[in-house]
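Reading through the structure tokens given below for one structure.
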Amino acid sequence: MLLLKKHILLLVLLVSGCFSLYAQDSTLVGTTINWDLAKCIDYAKKNNIQINTLRLSQQTSQQEYLLAKAARLPDLSGSASQTVTHGNNFSNGDNGRHSGYNLAGSYGLSSNVTIYNGNYINNNIQQKNLSVQSANLSIIQQENDITLQITQAYLAILLDKENIIYNTDLLNTTKAQVALEQKRYNVGSVARKDLIQLQAQQASDQYTLVNSQNAERGDLITLKQLLLLPSDSRFDITKPDTVIAPIDSVAAFRDAEQTALQNRPEVKNGELGVKIAQYDVDKARAGYKPTLTGGASLNSGYANGQGTSFGYQLNNNFTQQLGLTLAVPIFTKRVVKTQVEEAKINVKQAQLDLSNTRITLSQTVERAYINVENARSQYDAANEQYKYSKESYRIASEQLKVGVANTVDFLLQKNLYVQAQQAFIQAKYNTLLTLKIYDFYRGVPIKL
């Protein structure tokens, strides 16, 4: 009975532990997550698979760098052997044959160190150090890419949310107008077609609102998947109190271009790529030069049947050795020359890659600058259109309310207002997005 109670208690503890572990791993499940843009970007940088893969690559590069530095040190190895030999021994004095066992052993320590090898070790250390720096820059570059993706997805959701607010207001206004028109129709002051037209507009506004809500759900899924959140987590974003499209002056393109070319990680990584390739040339040229190595060893051994003790034999057989070995390459069947020429080709390829990176970055910054200029002019025009369309719609609504405007004219003004409103919202967020991207290339962190 006591043993059964122990088993039950152990089972309860195991189950409790499992539930505790599940609770720790499922903090993102069950409750609605509301994150601002900074939280989304920070989470993505920590959990993105591509970024974490690059972090592992950086750790590998670090280990290779430590290994290259250790090549300067001497190695040390020990050896020991023990043999047992069985055989027949013939004795002339005894005129007979005797069988027996012979024991023997040998023990040693040896060490070697590279004294000179054409500066290969130093060049390899410098190259591996640059590889670590390159791996760090690759992580930053991937973080920049995911930052832009998160920002685009986040602003798309903000655009959806604002559309929902406007479309909800439009629908509520239309419902009130339908209710008023229904009363007028009931007393015979308006024709049925006027009521039907407003009811059709209400259905259209309802359809537009549903589309806005569907767009928000779709964009939330996009951001959620970019963040690699669990599929059963409920995710939403925190909407800033105000989202204003900046209308200040934009930094000059040439200044932004120079800043990007001097500071962006992809350019620095390309420059490191050229240096890394040049070290391959120096390492290959080491094959033309002699190699000098030093070695030392300690050895001893013993065998039974020698008439002396084990300790005496170890001391008597103890030897010490020091030596230098010089290897001079005379003819390598073009192996070294081929390695050098191939390394030179890789340097030229790295230089071309760097040039292509610079050109691509300059084109990207220029495109970002043009996008900002276009978005700002579009925003100004959309703002003017929205302002006048809003006022026209307000006047038409008042006229419809007092019965001095027909339904057709009112719906025409409303459609113009809706179109202007959609254009204004789109232009506002497009301006905000393009400016954030342009500033990001200038080294300005993305914030709302």
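The values are calculated or read from the model by the stated rules, or taken from the named source; none is laboratory data. On a predicted model such as this, the values are computed, not experimentally measured, just so you know. FYI the Cβ positions are ideal-geometry reconstructions off the backbone, even for glycines, and counts take in every protein chain you see. Accessible surface areas use protein heavy atoms only, side chains included; no ligands, DNA or RNA. Shrake-Rupley method; radii C 1.70, N 1.55, O 1.52, S 1.80 Å.
The residue list L433, L411, L416 contains one member that is assigned to a helix (DSSP H, G or I) and within 22 Å of the chain's Cα centre (by Cα), which is L433.
Considering the stretch 178-190, and only residues there that are surrounded by fewer than 19 Cβ atoms within 10 Å (Cβ to Cβ) and not hydrophobic (A, V, I, L, M, F, W, C), the residue that is nearest to N47 (Cα to Cα) turns out to be Q182. Here E398 fulfils each of the conditions (1) under 30 Å from the mean Cα position of the chain (by Cα); (2) over 28 Å from A256 (Cα atoms) apart from (1).
Put simply, of A303, A350 the only residue that is in contact with a helix residue (DSSP H, G or I) (Cβ under 8 Å, 6 or more places away or on another chain) and at pLDDT 95 or above is A350.
Checked against the criterion of being modelled with pLDDT of 95 or more and buried (at least 16 other Cβ atoms within 10 Å of the Cβ), the stretch 77-92 contains not a single residue that satisfies it. Inclusion of N263 among residues that are over 29 Å from L73 (Cβ atoms) and open to solvent by 30 Å² or more (accessible area, probe 1.4 Å) is warranted.
Okay, residues lined up against (1) more than 23 Å from L137 (Cβ to Cβ); (2) out of contact with any strand residue (DSSP E or B) (no Cβ under 6 Å at 6 or more places or on another chain):
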site	(1), (2)
K39	yes, yes
Y43	no, yes
I49	no, yes
Q58	no, yes
Q63	no, yes
K69	no, yes
R72	yes, yes
T85	yes, no
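Within the stretch 153-172, residues that are free of Cβ contacts under 8 Å to residues at least 60 places away in the same chain and more than 15 Å from L220 (Cβ to Cβ) sit with their Cβ atoms under 7 Å from residues that are small (G, A, S) and open to solvent by less than 20 Å² (accessible area, probe 1.4 Å), at 6+ positions apart or across chains, in these pairs: N167/S212. If you filter the stretch 53-73 down to residues that are open to solvent by 70 Å² or more (accessible area, probe 1.4 Å) and aliphatic (A, V, I, L, M), you find that the one that is farthest from L148 (Cα to Cα) is L73. Restricting the stretch 350-373 to residues that are free of Cβ contacts under 8 Å to residues at least 24 places away in the same chain and closer than 18 Å to T431 by Cβ, the residue that is farthest from the chain's Cα centre (by Cα) is I370. Of all residues in the stretch 41-52, those that are surrounded by 19 or more Cβ atoms within 10 Å (Cβ to Cβ) have Cβ atoms under 9 Å from Cβ atoms of residues that are in a loop (DSSP other than H, G, I, E, B) and not hydroxyl-bearing (S, T, Y), 6 or more apart or on another chain, in I41/I446; A44/L227; A44/L228; N48/L227; N48/L228.
Conditions (1) of a type outside the set (D, E); (2) touching a residue at least 40 places away in the same chain (Cβ under 8 Å); (3) farther than 30 Å from A68 by Cα, marked per residue:
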| position | (1), (2), (3) |
| --- | --- |
| Q141 | yes, yes, no |
| L148 | yes, yes, yes |
| V178 | yes, no, yes |
| G188 | yes, no, yes |
| I196 | yes, no, yes |
| Q199 | yes, no, yes |
| Q202 | yes, no, yes |
| D205 | no, no, yes |
| G218 | yes, no, yes |
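Scanning the stretch 347-389 for residues that are of a type in the set (A, V, I, L, M, F, W, C) and more than 30 Å from E271 (Cβ to Cβ) gives A375, A381, A382. If you filter the stretch 152-173 down to residues that are β-branched (V, I, T) and open to solvent by 10 Å² or more (accessible area, probe 1.4 Å), you find that the one that is farthest from the chain's Cα centre (by Cα) is T173.
Scoring I196 on the criteria (1) open to solvent by 40 Å² or more (accessible area, probe 1.4 Å); (2) assigned to a loop (DSSP other than H, G, I, E, B); (3) among the β-branched types (V, I, T) leaves a single failure, condition (2). When K224, K289, K239, K275 are screened for being among the charged types (D, E, K, R) and more than 32 Å from the chain's Cα centre (by Cα), only K289 passes.
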